[in-house]
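A.B. asks: Got a structure here, written out as structure tokens. Questions coming.
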Amino acid sequence: MKQRLPLLALLIIMISFSSMKTSSAQKTNTQEPSKTYLALGDSYTIGESVAESQRWPMQLAARLVHEGIPMKDPKIIAKTGWRTDDLKAAIEADNELLESYDLVSLLIGVNNQYQGKSVDSFAPEFEELLQIAIKYAGGKKENVFVVSIPDYGKTPFGAAKEEQIKKELDAYNKVSKNIAKKYGVAYFNITPISRMAKSHPELVAHDDLHPSGKMYTKWVELFEKKIEKILKK
């Protein structure tokens, strides 16, 4: 015959089990919340002609998670063909933006150059976008980074105007670098990597213009450790 537990003993066991569940829930709730990331740009940020997982903001977030930094999927505001003014309008029209993000990146300008806009007109528009980026980083300039414009003149699409494209993009990148420096924002020069495409066709997507996932990986390898340090501060 089975011996029944006294009612008091049974109540103690139930209370202990409940306490264990509460303790476990509290421990879960005290874990570090996932970091948020806002990526602003154009075709290079949205990853034209590559899978979503191969976009460089997605690759960056995945690597950060691998290094133990909890990350939400990036919020990406970017579209193929956008100039600086298009990006600004899209940011202003987005009603789903958080008040602030733990990390904000900015890569823009190639379509200003491609559409024949002057560097002089690019400068104030880029500066305004950088100010917006800093605002969405909660005013923390150290949580913002700028990525240089890649040189599409080294791709099959741009080969016919290779030297002109190089010269013009160098001028654009000089402007964005100086503005980033003015605001104390990190600037990552991926342009030399993009120029490897001329002799490494695997670094170009199937559209003969945009970077492949492999090239984006090289970009991320350039700055992931520095971004990791920013988020661990």
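The values are calculated or read from the model by the stated rules, or taken from the named source; none is laboratory data. Because the structure is a prediction, the values reported are computed rather than measured. Because the Cβ atoms are built from the backbone with ideal geometry, glycine has one as well, and the counts that use them run over all protein chains shown. SASA here: full protein model, heavy atoms, side chains in, ligands and nucleic acids out. Shrake-Rupley method; radii C 1.70, N 1.55, O 1.52, S 1.80 Å.
A.B. asks: Which condition from (1) surrounded by fewer than 16 Cβ atoms within 10 Å (Cβ to Cβ); (2) within 18 Å of Glu224 (Cβ to Cβ) is the one that Ala61 breaks?
C.D. replies: Just one mismatch for Ala61, condition (1).
A.B. asks: Does region 125-138 contain at least one residue that is of a type in the set (Asp, Glu), more than 23 Å from Lys35 (Cα to Cα), open to solvent by 60 Å² or more (accessible area, probe 1.4 Å) and modelled with pLDDT of 95 or more?
C.D. replies: The answer is yes, given that some residue of region 125-138 is of a type in the set (Asp, Glu), more than 23 Å from Lys35 (Cα to Cα), open to solvent by 60 Å² or more (accessible area, probe 1.4 Å) and modelled with pLDDT of 95 or more.
A.B. asks: Could you tell me whether any residue of region 104-120 is acidic (Asp, Glu) and either within 29 Å of Lys226 (Cα to Cα) or modelled with pLDDT under 95 (or both)?
C.D. replies: For region 104-120, residues acidic (Asp, Glu) and either within 29 Å of Lys226 (Cα to Cα) or modelled with pLDDT under 95 (or both): absent.
A.B. asks: Residue pairs, Cβ under 7 Å, 6 or more apart or interchain, first in region 70-84 and under 19 Å from Gln54 (Cβ atoms), second of a type outside the set (Lys, Arg) and open to solvent by 50 Å² or more (accessible area, probe 1.4 Å). List them.
C.D. replies: Met71/Ser34; Met71/Val65; Lys72/Ser34; Thr80/Glu48
A.B. asks: Taking region 89-117 on its own, how many of its residues are farther than 13 Å from Lys35 by Cβ and open to solvent by 60 Å² or more (accessible area, probe 1.4 Å)?
C.D. replies: Residues that pass the stated criteria total 9.
A.B. asks: Separate question: State whether one or more residues within region 149-156 are aliphatic (A, V, I, L, M) and either without any contact (Cβ under 8 Å) to a residue 12 or more places away in the chain or in contact with a Lys or Arg (Cβ under 8 Å, 6 or more places away or on another chain) (or both).
C.D. replies: no
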